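The next block holds one structure in the form of structure tokens; read it before the comments.
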């Protein structure tokens, strides 16, 4: 039997038992978000850095619902469209409480939300030099993934499809090529729509998946959180078990000897 | 009685009027900002939270106070 307990995900020398990372955006309420995270079993959650609402001091705070001592906060630069904004955001995030593990996401187009890889690469270099542990959202381009790795990235996070699109993995070949070339944690980020998409990602050899919209906007977010948890475990177990070779013709499961 | 002079500063994009010679620490205290859950920028420079009681604010200073919220 595969001992999944010992099969930890290691990012920047930190060990995690769950290979599912979830976003904390788009939920109806903070309590819904907190419950979905619990059900997903995720140990890492992405968070955004935004202005404090100084006119409404009673607004609930994320930290009151999700304890950063129990769940690893992964500050994200979502909404940043150039290196300057992304660096500013992550330097602030680090200041909030010493967060060094961060997710870099520099977008290039407001409609398709594809990453601007030139700005992303530039930012990765700077952040790595400043001692950040950078998990990098990127396109599913093996050459760019390699360059990110050479620039000091701590995890490669290619998209499956545009953010929030729910289209699932569009380019399995590229993901497999990236898998073959890197020993860094490879985490599918963005574009998953349903639990089976996560299973496919894990079966391709990815180390984890990051999901937000597919859980938060499902008709039943709690059930979907659980579905994703199981899907990731299932996909990982399937990958580790070594699938059979594909053949074109049929191969009977029952022996032909002794047919009456 | 000498009238305390007011100055205008910007906090998170909003113009606020504060007493001249106020420290950053006092302004944050008045806004009831939980210091352990935020990061602070003064004129686009990150401020060490341990030093805020030594920083006096000037006219037209721009303060940004940020925290973590839900996001993907």
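Read-outs throughout are calculated quantities, based only on the coordinates presented, and are distinct from any laboratory measurement. What you see is a predicted model, and the numbers here were worked out from it, not measured in a lab. Note that each Cβ is placed from the backbone with ideal geometry, even for glycine, and that neighbours are counted across all protein chains shown.
Some points to look at:
- Selected residue (criterion: nearest to the other protein chains (Cβ to nearest Cβ)) from residues of segment B:1-20 that are part of a loop (DSSP other than H, G, I, E, B) and over 11 Å from the mean Cα position of the chain (by Cα): B:13
- All strands (runs of 3 or more DSSP E) inside segment A:88-185 with 3 or more residues being within 14 Å of another protein chain (Cβ to nearest Cβ) and either over 18 Å from residue B:72 (Cα atoms) or within 16 Å of the chain's Cα centre (by Cα) (or both): A:101-104
- Filter result for residue B:13 (buried (at least 16 other Cβ atoms within 10 Å of the Cβ) and without any contact (Cβ under 8 Å) to a residue 12 or more places away in the chain): no
- Any hit, segment B:46-60, residues being at the interface with another protein chain (Cβ under 7 Å from one of its Cβ atoms), touching a strand residue (DSSP E or B) at 6+ places or on another chain (Cβ under 7 Å) and surrounded by 13 or more Cβ atoms within 10 Å (Cβ to Cβ): yes
- Considering only residues in segment A:45-86 that are farther than 19 Å from residue B:37 by Cβ and away from chain B (no Cβ under 11 Å), the one that is surrounded by the most Cβ atoms within 10 Å (Cβ to Cβ) turns out to be A:86.
- Of the listed requirements (1) touching a residue at least 40 places away in the same chain (Cβ under 8 Å); (2) in a helix (DSSP H, G or I), residue A:210 misses just one: (2).
- Residue match in segment B:21-40 (condition: without any contact (Cβ under 8 Å) to a residue 24 or more places away in the chain and part of a strand (DSSP E or B)): no
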